[in-house]
Amino acid sequence: WKTTSLSVVVVGASGDLAKKKIFPALFALYYEGLLPEEFHIFGFARSKMTDAEFRNMIAGTLTCRIHARENCQEKTEKFLERCFYSAGQYDEAASFQTLNGRMGEVEVACGKPRSNRMFFLSIPPNVFIAAAGGAADFCSTKTGWTRVIVEKPFGRDSASSAALGRGLAAHLREDQIYRIDHYLGKELIENLTVLRFSNLVFEPLWCRQYIRNVQITFSENFGTEGRGGYFDTYGILRDVIQNHLLQILALFAMEPPVSLAAEDIRDAKVKVLRSMAAVRLEDTVLGQYRSRAVAGGKTLPGYLDDKTVPPGSLTPTFAACAMYINNPRWDGVPFLLKAGKALHTRRAEIRVQFRHVPGSLYKHKFGPDLDSATNELVIRIQPKESIYLKINNKVPGLGLQLDTTKLDLQYQAAYKAAELPDAYERLLLDVVNGDKRLFIRYDELEAAWELFTPLLHEIESRKIAPELYPYGSRGPVGAHYLAAKHSVRWGDLA
Ligand code: BG6
């Protein structure tokens, strides 16, 4: 770092992700002093803009957690001085040559002409390979490393993902490619391995003998408003379940890795994914939100009311599925994955339901099915990050009344952290440091697609209609039948 500058190129700099996540994350890292002293940001996109206009655009986006801190104004100005813009076409060599020229000038002018370069491809899938090629072939640095960050959609199924992989591999080595799944950058997901492998009270319980089922759920209390065009071609299975939730499952269920090294963790994740059977349609429930009238004569719009959604679309905005891992640790334990848009609340969590105490002396104190006595470990990913364990306890007093209560670790209170770092901050910093633990390796992606491709093809070829659910509800009733079929009760709906 002492002799080398860092150039970060955001390809697709005027897009939503860049504005909402990438620039604020880079600013937070800069503010915390985590970027090399000499770093520069280059925006690259189709629209014409001067450096000044680009800086102006970014300035409006830096409302990150750092915003209320000391010296923020001064730091913002210094940060913006390091931002440059180059307009171009994603599939045009000349545009990348111009960008390369600009980068070279700025790097030389800062007095540290040796440079590392990092590209974030925040662009539509149809220009992905062209832009990766442009970056790698015309903008690679000769004096340091060149790394390229890519984010889903990584194709639509096994075949298209493999084609994309071949396209990238024609320009980049695997060690240069950083496949982001931003859920892996969330604080509570990074903590998952710590929780499990450093606590004797958990690790021995992490198996079929003690765990009845695992529920990994994601819900948002807003619809696809404005993103219908993108969303409709992918649907919730590809948007959230095949990547974010399946990644969480892999990290949760993997065998202990040989070490914490990136390759060892990813070997363990691939192994668990490959021990799973592909999801079956009969173990899946699909839903789509419809409009709902609310107080004041207003109506919350249904998915099909979104102008960017094609009329009559069957794309699911909700899905739940049951999956099994065929290995000695998890044989017979259902893993239920559930995700939906326009539900009653915004929440993501892992919920582990434990088996009942065999021959419990207190059986008579709970209902006939003992469900109210189930111990649950809940890892609340967001919002209000927390980890709690539901236990049975005696209600204080002279009688013998039992109650289910919580051992509760609330992050806000325990760590006095006003706000946790955004996932993109952690992940971008890892790219700078060359740490691949939280990035997806090619074979992981391949294994993930194999689990969902047959299901996706069947849903699409048979034109399976989703079950409608009202905007703001708890989702389609079918999700309850699915759970019951696998002897599970959704804990988040209790
Ligand atoms: C994205 C999905 O990957 O994750 C979006 O494409 C979803 O549809 C988003 O809204 C959720 O991310 P977060 O971090 O806001 O929970």
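The values are calculated or read from the model by the stated rules, or taken from the named source; none is laboratory data. Here the structure is a predicted model, which means the values were calculated and not measured. Positions of Cβ are backbone-derived with ideal geometry, glycine not excepted, and every protein chain shown enters the neighbour counts. Accessible surface is based on the protein model in full, side chains and every heavy atom, while ligands, DNA and RNA are left aside. Shrake-Rupley method; radii C 1.70, N 1.55, O 1.52, S 1.80 Å.
Below are the figures for this structure:
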item	result
Matching residues, the stretch 248-267, being over 23 Å from L493 (Cα atoms) and buried (at least 19 other Cβ atoms within 10 Å of the Cβ)	A250, L251, A253, M254, P257, I265, R266
Verdict on F318 being out of contact with any His (no Cβ under 9 Å at 6 or more places or on another chain), aromatic (F, W, Y), surrounded by 20 or more Cβ atoms within 10 Å (Cβ to Cβ) and farther than 30 Å from A414 by Cβ	yes
Subset of the stretch 138-181 (residues that are surrounded by fewer than 17 Cβ atoms within 10 Å (Cβ to Cβ) and of a type in the set (D, E, K, R))	K142, R166, R173, E174, D175
Test: K78 is surrounded by fewer than 14 Cβ atoms within 10 Å (Cβ to Cβ), over 29 Å from the mean Cα position of the chain (by Cα), modelled with pLDDT of 90 or more and under 29 Å from G229 (Cβ atoms)	no
Evaluation of K269 against (1) within 13 Å of the ligand (Cβ to nearest atom); (2) touching an Asp or Glu at 6+ places or on another chain (Cβ under 6 Å) (one fails), failing number	(1)
Subset of the stretch 214-229 (residues that are more than 8 Å from the ligand (Cβ to nearest atom) and not in a strand (DSSP E or B))	N221, F222, G223, E225, G226, G228, G229
Meets criteria (away from the ligand (no atom under 16 Å from the Cβ), within 25 Å of H182 (Cβ to Cβ) and touching a residue at least 12 places away in the same chain (Cβ under 8 Å)) for R102	no
Failed condition for L195, given (1) away from the ligand (no atom under 11 Å from the Cβ); (2) under 29 Å from Y415 (Cα atoms); (3) of a type outside the set (S, T, N, Q); (4) in contact with a Gly (Cβ under 9 Å, 6 or more places away or on another chain)	(4)
Residue that is nearest to K19 (Cα to Cα), among those in the stretch 103-135 that are hydrophobic (A, V, I, L, M, F, W, C) and open to solvent by 10 Å² or more (accessible area, probe 1.4 Å)	I123
Qualifying residue in the stretch 303-314 (condition: modelled with pLDDT under 95, within 16 Å of the ligand (Cβ to nearest atom) and open to solvent by 40 Å² or more (accessible area, probe 1.4 Å))	yes
Selected residue (criterion: nearest to G43 (Cα to Cα)) from residues of the stretch 90-102 that are surrounded by 22 or more Cβ atoms within 10 Å (Cβ to Cβ) and touching a Phe, Trp or Tyr at 6+ places or on another chain (Cβ under 6 Å)	L99
Qualifying residue in the stretch 243-258 (condition: part of a loop (DSSP other than H, G, I, E, B) and of a type in the set (A, V, I, L, M))	yes
Residue check, V148 assigned to a strand (DSSP E or B) and modelled with pLDDT of 95 or more	yes
Residues of the stretch 109-141 satisfying the condition of being among the hydrophobic types (A, V, I, L, M, F, W, C), in contact (Cβ under 8 Å) with a residue 60 or more places away in the chain and more than 15 Å from L99 (Cα to Cα)	C110, I123
Where W490 falls short, out of the listed (1) open to solvent by less than 20 Å² (accessible area, probe 1.4 Å); (2) in contact with a helix residue (DSSP H, G or I) (Cβ under 7 Å, 6 or more places away or on another chain); (3) part of a helix (DSSP H, G or I)	(3)
Number of positions in the stretch 339-363 that are surrounded by 20 or more Cβ atoms within 10 Å (Cβ to Cβ) and farther than 30 Å from K394 by Cβ	6
Selection count where residues are free of Cβ contacts under 8 Å to residues at least 40 places away in the same chain, open to solvent by 60 Å² or more (accessible area, probe 1.4 Å) and at negative phi, scope the stretch 410-452	5
Hey, T63 among the polar types (S, T, N, Q) and either within 24 Å of G226 (Cα to Cα) or buried (at least 21 other Cβ atoms within 10 Å of the Cβ) (or both) or not	yes
Residue match in the stretch 213-235 (condition: more than 21 Å from the chain's Cα centre (by Cα) and open to solvent by 60 Å² or more (accessible area, probe 1.4 Å))	no
